[in-house]
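A short worksheet on the structure shown next.
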Amino acid sequence: MNEAKPGNPRAPDLKIEDLQVRYSSGAGALTALEIGQLSVLPGAQLAVTGPSGSGKSTFLYAIGGLLRPQRGRVLWDGRDILGEAESARDRWRRHTVGFAFQDFHLLPELTPLQNVLLPASFERFTPDRILRARAVSLLEHFSVPQARASTATLSRGEQQRVAIARALLFDPPVILADEPTASLDAKAGAVVIDILLRLSSREGRTVIAISHDQELLQRFSNKLALDHGRLTDPQLPSAPGTPSRTPSGIPS
Amino acid sequence: MNPFLVVRATIVRHRGTYLLFILLVAVATAIGVGITTQEAALRTGSARAADKFDLMVAAPGSETDVLLAAIYLRPGTVPLLDPAMVGKLLAEPRAKISAPLGFGDNIRGSPIVGTVPAFVDYLSGGLREGRVFATEAEAVAGAAAPVAMGESFHPDHGRNPFLEAGTGRVQHAATLTVVGRMQPTGTPWDNSVIVPIESVWRVHGLPTGHAENEERIGPPFDPARVPGVPAIVIKPETINAAYGLRNLYRTPLSMAFFPAEALVRLYEVLGDIRELMSWLALATQGLVVIAMLAGVMAILTLHRRQFAVLRALGAPRLYIFLCVWTQIAVIAVAGALIGLLLGAGAAVAVSHMITRATGIVLPARIGPDEWLLVGGMILFGLIVATVPAFISYRRSVIQSLTAQ
């Protein structure tokens with residue numbers, strides 16, 4: 001495991017400038033995201049919340065370099081990711097950003113180890129010894145039983161830990177998580193939150209999660225709220241569906 | 001890049017469906033391979049069976065009927081050649097062998113054919129055991145004929161007593177003894193019992209081609225004492241002689257033809273049928289590939305999100321293309337190769353059945369035509385596979401990720 005200290009200079013800083021994303025729908029174009037200025041420091045832990053359709057996912061995919069905006073720039077260490085060619089973005093994403101999803105998106109037919117090593121197959125035919133050792137140690141570190149032949153037999157909490165291990169295979173300085181606890185029970189969710197926070201506080205990675213989970217929102221040190229694609233004050237309930245301050249941690 | 005992890009996972013998940021696709025492709029390929037293999041085997045086998053029958057002379061009529069009766073020993077009525085012509089042909093100086101053929105009897109369902117000793121030797125290329133008949137009471141068995149060496153039997157009248165409904169079994173009084181066995185020839189003659197032509201003539205109360213009290217068999221014959229025969233096989237001295245004899249015996253009383261030529265005309269018909277069936281097989285293959293494609297597209301729609309996730313994890317577009325393309329390629333290659341085996345197996349089985357029924361050995365072999373067919377099927381699959389692969393390649397990551 002990478003035991004970098006907080007403020008690890010590897011983590012890039014994130015700047016968003018005048019970003020606008022519009023989706024065309026049947027009724028015409030729909031503004032999904034509109035952010036004037038936003039700066040996220042390297043190694044930050046940022047939780048983004050907001051009601052359904054508020055642009056949270058679009059925000060995550062935009063900073064992950066997965067879409068082309070109508071206007072504006074997303075700068076990682078000054079590099080305009082969204083303006084780059086697709087192949088360059090793919091390579092950048094593979095080594096800079098690790099994604100985790102609500103539904104894990106593992107391949108249940110493969111072993112946990114094969115799942116973790118899957119991103120290696122984007123580059124070469126077989127993973128080298130170093131990557132393989134790294135995958136094994138990631139699974140050990142996350143207490144995933146590797147003897148299981150099939151990933152499908154793992155618990156949901158274990159499956160999300162496999163997915164996070166997969167995100168960490170190339171040791172990316174940025175982790176982007178899309179509702180990482182939404183399909184887990186409170187206990188498994190808490191373990192995942194611990195892991196995400198440690199990736200930031202102990203290893204210096206920038207961790208950005210979109211979530212409705214109250215526990216996650218409370219434990220992340222920085223919070224943002226989105227509504228109708230615009231940033232709002234996360235402390236103010238701005239629309240129906242904004243998380244209320246219940247201590248349960250169960251997603252609304 | 002290694003798309004096989006994803007390909008394997010997808011195929012394992014939808015193994016029932018993929019198995020069905022592979023089987024569909026296999027059956028479509030097998031039909032095509034079976035048709036071409038069988039047709040080629042039929043051609044080779046029937047041509048080989050006619051090999052030793054250089055020139056045939058028979059009464060005017062259908063060449064095909066004569067071929068079927070004389071070469072393939074199929075029961076059927078062929079008009080008899082005029083005795084005067086027979087006498088002339090049997091004394092033909094430009095013929096190395098001039099063999100009259102006489103049918104009409106059987107033993108245990110196997111045809112008894114009367115001819116001259118020289119033709120037995122020529123047909124068999126030397127006997128496997130024993131010797132060629134030397135008297136009217138002796139016979140030579142075909143390699144697979146149901147009689148034993150040294151066995152004596154009375155011939156049954158008729159080509160196949162079991163087929164002649166309403167007539168009782170009529171056994172001739174004459175006794176024949178098997179004195180030799182031919183080598184396998186791969187022709188219907190393997191199932192026959194060959195006797196002196198004089199023997200056939202005598203049991204049917206016809207003149208035997210020799211003087212009344214003469215016991216001798218074979219040439220020379222007395223032209224005044226020969227009856228009509230269904231056909232005479234001529235082995236000419238030279239190729240020039242072959243054409244000369246053919247022209248000479250094209251008379252109002254006789255027709256002369258090269259069986260090889262007559263077969264070529266039959267093959268033209270056979271070829272037309274094959275052509276038609278090949279097109280049908282090809283159309284089936286095309287339909288199967290398109291059906292498979294539709295199925296794969298449906299499965300891919302289920303995997304849309306998964307591919308988008310792979311992109312989010314850093315997979316290049318080409319990787320997605322290869323995942324989809326490889327899946328279809330696996331189906332096409334596996335299906336076509338299994339189909340080749342199935343088709344060849346079916347052709348061998350059909351060949352065996354035909355050999356059992358007719359005695360004609362049909363060599364069913366996978367040749368360049370079949371490889372071309374299988375290769376074409378694979379190539380078609382690989383090319384067609386680029387369509388869904390390209391669709392997946394082009395699909396927007398963000399739309400697939402946000403689609404519910």
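Of the residues B:Val132, B:Val120, B:Val147, B:Val57, the single one that is assigned to a strand (DSSP E or B) and touching a strand residue (DSSP E or B) at 6+ places or on another chain (Cβ under 8 Å) is B:Val57. Determine, yes or no, whether B:Arg202 is of a type in the set (D, E, K, R) and free of Cβ contacts under 8 Å to residues at least 60 places away in the same chain. Judged against the criteria, B:Arg202 is not a match. Spot the failing condition for B:Ala329; the list is (1) in contact with a Leu (Cβ under 6 Å, 6 or more places away or on another chain); (2) touching a residue at least 60 places away in the same chain (Cβ under 8 Å), and only one is missed. Checking B:Ala329 against (1) in contact with a Leu (Cβ under 6 Å, 6 or more places away or on another chain); (2) touching a residue at least 60 places away in the same chain (Cβ under 8 Å), the one that fails is (2). Hey, any hits in the range B:284-302 for a residue that's in contact with a helix residue (DSSP H, G or I) (Cβ under 8 Å, 6 or more places away or on another chain), more than 27 Å from B:Gly32 (Cα to Cα) and more than 10 Å from chain A (Cβ to nearest Cβ)? Looking through the range B:284-302, at least one residue is in contact with a helix residue (DSSP H, G or I) (Cβ under 8 Å, 6 or more places away or on another chain), more than 27 Å from B:Gly32 (Cα to Cα) and more than 10 Å from chain A (Cβ to nearest Cβ). In the range A:138-152, the residues that are of a type in the set (D, E, K, R) form Cβ pairs under 8 Å with partners that are at pLDDT below 85, at six or more places apart or across chains, as follows: A:Glu140/A:Gln146. Could you list all residues from the range B:133-164 that are hydrophobic (A, V, I, L, M, F, W, C), over 11 Å from B:Arg181 (Cβ atoms) and at pLDDT 90 or above? Answer for the range B:133-164, where residues must be hydrophobic (A, V, I, L, M, F, W, C), over 11 Å from B:Arg181 (Cβ atoms) and at pLDDT 90 or above: B:Phe133, B:Ala134, B:Ala137, B:Phe153. Note on the range A:75-153: enclosed helices (runs of 4 or more DSSP H) holding 1 or more residues that are more than 14 Å from chain B (Cβ to nearest Cβ) are A:129-141. Each residue in the range A:105-146 was checked for being of a type in the set (Val, Ile, Thr) and under 26 Å from B:Ile11 (Cβ atoms), and 4 pass.
Filtering the range B:49-59 for residues that are within 14 Å of chain A (Cβ to nearest Cβ), over 25 Å from B:Leu276 (Cβ atoms), among the aromatic types (Phe, Trp, Tyr) and crowded, with 16+ Cβ neighbours inside 10 Å leaves an empty set. Among the residues of the range B:344-376, those that are more than 15 Å from the chain's Cα centre (by Cα), buried (at least 18 other Cβ atoms within 10 Å of the Cβ) and more than 25 Å from B:Ala50 (Cβ to Cβ) comprise B:Leu373, B:Val374.
Selection within the range A:63-74: residues that are free of Cβ contacts under 8 Å to residues at least 60 places away in the same chain and in a strand (DSSP E or B). The member of this set that is surrounded by the fewest Cβ atoms within 10 Å (Cβ to Cβ) is A:Arg71. Of the helices (runs of 4 or more DSSP H) lying entirely inside the range B:215-324, those carrying at least 2 residues that are closer than 30 Å to B:Ile71 by Cβ are B:239-248, B:259-302. If you go through the range A:171-228 and keep only what is among the charged types (D, E, K, R), part of a loop (DSSP other than H, G, I, E, B) and under 19 Å from A:Pro119 (Cβ atoms), you end up with A:Asp171, A:Glu203, A:Arg205.
The single condition among (1) outside any loop (DSSP other than H, G, I, E, B); (2) away from chain B (no Cβ under 14 Å) that A:Ser57 does not satisfy is (2). Just one of the listed residues (B:Ala308, B:Ala315) is under 30 Å from A:Arg89 (Cβ atoms), touching a Leu at 6+ places or on another chain (Cβ under 6 Å) and either within 14 Å of another protein chain (Cβ to nearest Cβ) or of a type in the set (S, T, N, Q) (or both), namely B:Ala308. Whenever a residue of the range B:376-399 is in the same structural domain as B:Phe321 (by TED's automatic domain parsing), its partners that are part of a helix (DSSP H, G or I) and polar (S, T, N, Q), lying with C-beta atoms within less than 6 angstrom and at least six residues away or across chains, give the pairs B:Met377/B:Thr29; B:Met377/B:Gln285.
Is there a residue being modelled with pLDDT of 90 or more, out of contact with any strand residue (DSSP E or B) (no Cβ under 7 Å at 6 or more places or on another chain), closer than 19 Å to A:Asn222 by Cβ and outside any strand (DSSP E or B) anywhere in the range A:31-42? The answer is yes; a qualifying residue exists. Restricting A:Phe142, A:Phe122 to residues that are touching a Gly at 6+ places or on another chain (Cβ under 6 Å) and modelled with pLDDT under 95 narrows the list to A:Phe122.
Before we move on, is B:Leu19 modelled with pLDDT under 90 and more than 10 Å from chain A (Cβ to nearest Cβ)? Against the criterion (modelled with pLDDT under 90 and more than 10 Å from chain A (Cβ to nearest Cβ)), B:Leu19 does not qualify.
Conditions tested, residue by residue: (1) modelled with pLDDT of 90 or more; (2) in the same structural domain as B:Glu63 (by TED's automatic domain parsing); (3) more than 26 Å from B:Asp54 (Cβ to Cβ).
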site: B:Gly180; (1), (2), (3): yes, yes, no
site: B:Gly186; (1), (2), (3): no, yes, no
site: B:Ser192; (1), (2), (3): yes, yes, no
site: B:Ile197; (1), (2), (3): yes, yes, no
site: B:Gly205; (1), (2), (3): no, yes, yes
site: B:Asn213; (1), (2), (3): no, yes, yes
site: B:Ile232; (1), (2), (3): yes, yes, no
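The values are calculated or read from the model by the stated rules, or taken from the named source; none is laboratory data. Being a predicted model, the structure only gives us computed values, none of them experimental. Glycine gets a Cβ as well: all are built from the backbone with ideal geometry, and neighbour counts include every protein chain shown.
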